[in-house]
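Enquirer: Submitted below is the structure of interest, expressed as structure tokens.
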Protein chains: 2
Amino acid sequence: MSGMGLILILAESAVELVPQELVKHPSVLKLAKKRGKKPNEILLDRSYHHGAMKSLKDAEKRGRPDIVHTTLLETLGTPLNREGLLETYIHTVDNRIIEINSNVRLPVNYERFARLLEQLYAVGRVPEVDEPLLMIRKQTLSQLIGEIKPSTTVAFTTLGEYEYLSELCKEIAIERKPAILIGAFPRGHFSEETLRLAKRAVRIDREALEAWVVASRAVYEYELAIGLPKRRLR
Amino acid sequence: MSGMGLILILAESAVELVPQELVKHPSVLKLAKKRGKKPNEILLDRSYHHGAMKSLKDAEKRGRPDIVHTTLLETLGTPLNREGLLETYIHTVDNRIIEINSNVRLPVNYERFARLLEQLYAVGRVPEVDEPLLMIRKQTLSQLIGEIKPSTTVAFTTLGEYEYLSELCKEIAIERKPAILIGAFPRGHFSEETLRLAKRAVRIDREALEAWVVASRAVYEYELAIGLPKRRLR
């Protein structure tokens, strides 16, 4: 029953539509007009809304969809995912869950990825017909974990205990249904609520590492722990 | 003398300015006008020039600066680079060498990264004053390798021999000045010329993996081989 696969949850991801309090800000209006959308139909993005975000609560953790994009490009291209052994969820700061079909080929261009997310928020799934590659629903992280019921949940955070990633992944690999939580936000820490959902909180380096660095290493060490590289080179 | 650092060369990278034969194509003219630049001052990018690229020689290997962007985000954020033990060069398909200062904080937004590369092509270094973070020069891969003189050079390619990455990196780690070549292009193989520059050609998976997946794993295994994670958690 071991090595059945890994559940990757990008938690508190800095993805959301422009919140109500910013819909009248000039930088938001300008970008919405350019894209032919309403202000609350476009993604909050620090690259374009830096000025507008100054007054926003928890601004340092928000408006960075690029983190999810880069991290997904990294993990969806791994042998683990190609083998169908990686299950990926995005939990967003506005409490949506985006479910990723492991067969999806994401746009490599960031702007196209951002437009795809906006479409997803608007219509709930893409493509609208046939097997969905991305699906979004209103759900908290706690509800998601209640639904998928991992056998263990590990959060990566600099608030956690020092742990060698290789040893951690060996422990995870003998679990029936392990899940890992990686924060896909630029600064700050998981909320207390998120931390309470994890059985363990671990840190793997002296410094805070970017989500894509942590994710790529965790997936790779999990592959090593289940012997995937050897199986694939045989 | 071992574990002194790793040289990462992204080779034949799909980065170049719009070539002469495409400067009059409508999609190129439109984008150049929008950006207030001449057609041959903007980057070739399949996301915008797909139609124009149909007639281009070796088109399948060109026009994907996003590959370099995602790969650099992945490798520059690693502990190895933060320790100053990763030396990074981009060799482009139009035979430029871009030297990356390990202290650079690249734009996370792809469009800003692309504009930065265009500025680099135009002025040769950024920033123009103070210590340069990015420098570009006309140089072939062969000339670069002649200049930096690695003690060994390993090319990652599906044309190479099967090799476990962990074993490869243990061998590399006892080298005085090892270099690895990773192709930062979307399809196809290294040229014969590039392959001749490598002492060894290795493949690490049954399938072709994206440059950022190979790079993140190679850097991480090199870190393990020199004992960096243990040193940083002590």
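Enquirer: If you go through segment B:64-81 one residue at a time, do you hit one that is open to solvent by 20 Å² or more (accessible area, probe 1.4 Å), over 24 Å from A:L106 (Cα atoms) and in a loop (DSSP other than H, G, I, E, B)?
Expert: Looking through segment B:64-81, none of the residues is open to solvent by 20 Å² or more (accessible area, probe 1.4 Å), over 24 Å from A:L106 (Cα atoms) and in a loop (DSSP other than H, G, I, E, B).
Enquirer: Going by the structure shown, is A:K37 of a type in the set (K, R), part of a loop (DSSP other than H, G, I, E, B) and in contact (Cβ under 8 Å) with a residue 40 or more places away in the chain?
Expert: yes
Enquirer: Separate question: Which pairs turn up if I take residues in segment B:80-95 that are at positive phi and look for partners that are assigned to a loop (DSSP other than H, G, I, E, B) with beta carbon separation below 7 Å, at least 6 apart in sequence or on another chain?
Expert: Note: pairs meeting the criteria are B:G84/B:S102; B:N95/B:Q139; B:N95/B:T140.
Enquirer: For segment B:189-234, name all the residues that are within 18 Å of the chain's Cα centre (by Cα), open to solvent by less than 50 Å² (accessible area, probe 1.4 Å) and away from every other protein chain (no Cβ under 13 Å).
Expert: Of everything in segment B:189-234, those that are within 18 Å of the chain's Cα centre (by Cα), open to solvent by less than 50 Å² (accessible area, probe 1.4 Å) and away from every other protein chain (no Cβ under 13 Å) turn out to be B:F190, B:S191, B:T194, B:L195, B:L197, B:A198, B:A201.
Enquirer: When segment B:176-188 is examined, which residues are found to be touching a helix residue (DSSP H, G or I) at 6+ places or on another chain (Cβ under 6 Å), within 14 Å of chain A (Cβ to nearest Cβ) and not charged (D, E, K, R)?
Expert: B:I182, B:A184, B:F185
Enquirer: Would you mind telling me which numbered condition in (1) within 14 Å of chain B (Cβ to nearest Cβ); (2) closer than 19 Å to A:L17 by Cα; (3) hydroxyl-bearing (S, T, Y) A:T92 fails?
Expert: (1)
Enquirer: Can you find a residue in segment A:3-24 that is open to solvent by less than 60 Å² (accessible area, probe 1.4 Å), polar (S, T, N, Q) and out of contact with any strand residue (DSSP E or B) (no Cβ under 8 Å at 6 or more places or on another chain)?
Expert: Among the residues of segment A:3-24, not one is open to solvent by less than 60 Å² (accessible area, probe 1.4 Å), polar (S, T, N, Q) and out of contact with any strand residue (DSSP E or B) (no Cβ under 8 Å at 6 or more places or on another chain), which makes the answer no.
Enquirer: Would you be able to tell me the number of residues in segment B:29-47 that are under 14 Å from B:A59 (Cβ atoms) and in contact with a Leu (Cβ under 9 Å, 6 or more places away or on another chain)?
Expert: Residues that pass the stated criteria total 2.
Enquirer: Also, quick follow-up: Return yes when B:E87 is in contact with a Gly (Cβ under 8 Å, 6 or more places away or on another chain), part of a strand (DSSP E or B) and open to solvent by 20 Å² or more (accessible area, probe 1.4 Å) and no when it is not.
Expert: Criteria met by B:E87.
Enquirer: Can you tell me which of B:V28, B:V23, B:V68 is under 26 Å from B:T194 (Cβ atoms) and of a type in the set (V, I, T)?
Expert: Result: B:V68 is the single residue among B:V28, B:V23, B:V68 that is under 26 Å from B:T194 (Cβ atoms) and of a type in the set (V, I, T).
Enquirer: Please report, ordered by residue number, the helices (runs of 4 or more DSSP H) entirely within segment B:97-175 with at least 1 residues that are open to solvent by 30 Å² or more (accessible area, probe 1.4 Å) and within 14 Å of chain A (Cβ to nearest Cβ).
Expert: Here the list reads B:110-123, B:165-173.
Enquirer: While we're looking at this one, here's another question. Say we look at segment B:41-52 and pick out the residues that are at pLDDT 95 or above and away from chain A (no Cβ under 14 Å); which of these is least open to solvent (accessible area, probe 1.4 Å)?
Expert: Of everything passing the filter in segment B:41-52, B:I42 is least open to solvent (accessible area, probe 1.4 Å).
The values are calculated or read from the model by the stated rules, or taken from the named source; none is laboratory data. Computed from a predicted structure; not experimentally measured. All Cβ positions, even for glycine, are placed from backbone atoms using ideal geometry, and neighbour counts span all protein chains on display. The protein model used for the area step is the full one, side chains on, heavy atoms only, and it has no ligands, DNA or RNA in it. Shrake-Rupley method; radii C 1.70, N 1.55, O 1.52, S 1.80 Å.
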